[in-house]
1. So if the hydrodynamic radius of the range 81-192 is defined as the Kirkwood radius over C-alpha pairs, what does Stokes-Einstein give as its diffusion coefficient at 10 °C and 1.306 mPa s, in µm² per second?
2. I need the GluC sites (Glu not before Pro) found in the range 20-109, filtered to DSSP loop residues with at most 13 other beta carbons within 10 Å of theirs.
3. Please list, in chain and number order, the residues 5+ apart from VAL91 or on another chain whose amide H is under 5 Å from its amide H, with Hs placed from the backbone.
4. Let me have the relative contact order for the range 50-131, percent, based on Cα pairs under 8 Å that are six or more residues apart.
5. When DSSP beta bridges are limited to those with both residues in the chain, what percentage is antiparallel, rounded to the nearest 5?
6. State, to one decimal in nm, how far the label point of CYS137 lies from the label point of LYS105, with both points 7 Å from Cα in the Cβ direction.
7. Can you give the extra length, in nm with one decimal, that the chain gains between ILE144 and GLU130 once fully stretched, where that is 0.36 nm per residue apart less the Cα-Cα distance?
8. Excluding same-chain residues fewer than 8 positions from LYS170, which aspartates and glutamates have a Cα within less than 20 Å of its Cα?
Amino acid sequence: MQPFVYLFPSRNKAELYGEISSRSNVLDIGAGFGMNVRYLPKDIEYVALEPDIKKHILILKEIKKRGIQKYSIVSSFAEEMDFEDNYFDFVISSLTLCSITNVQKTLDQIWRVLKPQGKYLFIDHVKAKEGSFLLWCQNKLKRIWKIKVGCELDRDIEEEIKSSQLIPIKIEYHYFLLQPLISRRIRGNMEK
């Protein structure tokens, strides 16, 4: 499949999260500043998982602005989720797997908390192609990037996702030109 190029992440998220239906239970892993909330239906049960409690007020602001009535904000790491098995219709994440300590454990947890036929919808940056100038740059800057930004520039998220228990429904690759160092991205829909 040919990767596509886009300039506006909002369109990309709107397309990906557009399949989330009303009255769904949605878990947002690494909810950060609540930037995914605006793309979700208002009549869902929304759970934001964000270990940094300083960001909770920003998530709450986005929830209130969107008008979501049923919500909770949980301070926990994705590898240590404390939710019931088979509970969520959808798990979503946006530029999150790059900063999680143990990606496979997180993907196992996602599989555990999803209902049968539940979906994991995600966008993340991926390691640049082998031998590319971009990979050379990522390798040179990865230590300082980890300290300043908190994510792994050269993590092979693509391979991690493919080796999980989740079943790929649709995986797409694209480039986001406004962030050249993390321009190569993956967008996916996977099912339990």
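1. Numbers: Rh = 14.6 Å.
Answer, rounded: 109 µm²/s.
2. Details: sites: GLU45, GLU62, GLU79, GLU80, GLU84; in loops: GLU84.
Of the GluC sites (Glu not before Pro), the ones in loops of the range 20-109 whose Cβ has at most 13 other Cβ atoms within 10 Å are GLU84.
3. Close amide H contacts, sequence-distant or interchain: LEU27, LYS119, TYR120, LEU121.
4. Computed over the range 50-131, the figure is 31 percent.
5. The answer is about 40 percent antiparallel.
6. Rounded to a tenth, the inter-label distance reads 3.3 nm.
7. Working: separation 14, 0.36 × 14 = 5.04 nm, distance 2.10 nm.
Answer, rounded to one decimal: 2.9 nm.
8. Cross-link targets: GLU15, GLU19, ASP28, ASP89, ASP108, ASP124, ASP156, GLU158, GLU159, GLU160, GLU191.
Every number here is computed from the coordinates shown, using simple stated rules; none is lab data. Only a predicted model underlies this, so the values are computations on that prediction, with no experimental measurement involved. So basically every Cβ, Gly included, is an ideal-geometry build from the backbone, and we count neighbours across all protein chains shown.
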